[in-house]
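Input: a single structure, listed below in structure tokens.
Values in this text are rule-based calculations from the coordinates and carry no lab data. Note that the structure is a prediction, hence the values are computed from the model and not measured. FYI the Cβ positions are ideal-geometry reconstructions off the backbone, even for glycines, and counts take in every protein chain you see.
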Amino acid sequence: MIKGIGIDIIEIERIQEAVEKTKGFLEKTYTEGEIEYFKSKRMKYETIAGNFAGKEAFVKAFGTGFIGIDTTDVEILRDEKGGPYINVLKEEIRESLKNARIFISISHSQNYAIANVVIEE
């Protein structure tokens, strides 16, 4: 049974501006694991934006938005084949999803990054 579906789209340029102009943006928004992944991808803004869209899509699928959830409570990494997956780091959220499967897809064009998340129980 599907518990929630979330989708988000973001302009890559907005993330680029935030990274370049906002001190500590990466550290406030992403986990250490995500930042290491971004570094391995040469800090491509489309990758950073895709993860941001993924976090937004997750909180929409979870049904709360960012009320009670920080962007660093959820991390989006890649498996050995390059597919994205979500780690829920905040204990109370992880506990409420212990019987759930979380699916995520991320894509981007030249100007936009988009992510879709489905939570299934």
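Annotations
- Less than 5 angstrom separates the built amide H of TYR112 from those of ILE12, all sequence-distant by 5 or more or on a different chain.
- Restricting the trypsin sites (Lys or Arg not before Pro) of segment 13-121 to loop positions (DSSP other than H, G, I, E, B) with no more than 15 neighbouring Cβ atoms within 10 Å leaves LYS23, LYS41, ARG42, LYS44, LYS81, LYS90, LYS98.
- Under 19 Å from LYS60, Cα to Cα: aspartates and glutamates that are on another chain or at least 8 residues apart: ASP8, GLU11, ASP70, ASP73, GLU75, GLU91, GLU92, GLU95, GLU120, GLU121
- With 24 Å as the limit on Cα-Cα distance, the pairs of LYS28/LYS98; LYS55/LYS90; LYS3/LYS98; LYS21/LYS81; LYS28/LYS90; LYS23/LYS55 that go past it are LYS28/LYS98; LYS21/LYS81.
- Build a GNM of the chain with springs between Cα atoms under 10 Å apart, and of GLY82, GLY63, GLY50 the one that fluctuates most is GLY82.
- GNM result for the chain, Cα springs below 10 Å: residue of GLU91, GLU27, GLU80 fluctuating most strongly: GLU80
- Based on Cα atoms of the chain, Rg over Rh with Rh as the Kirkwood radius reads 0.95.
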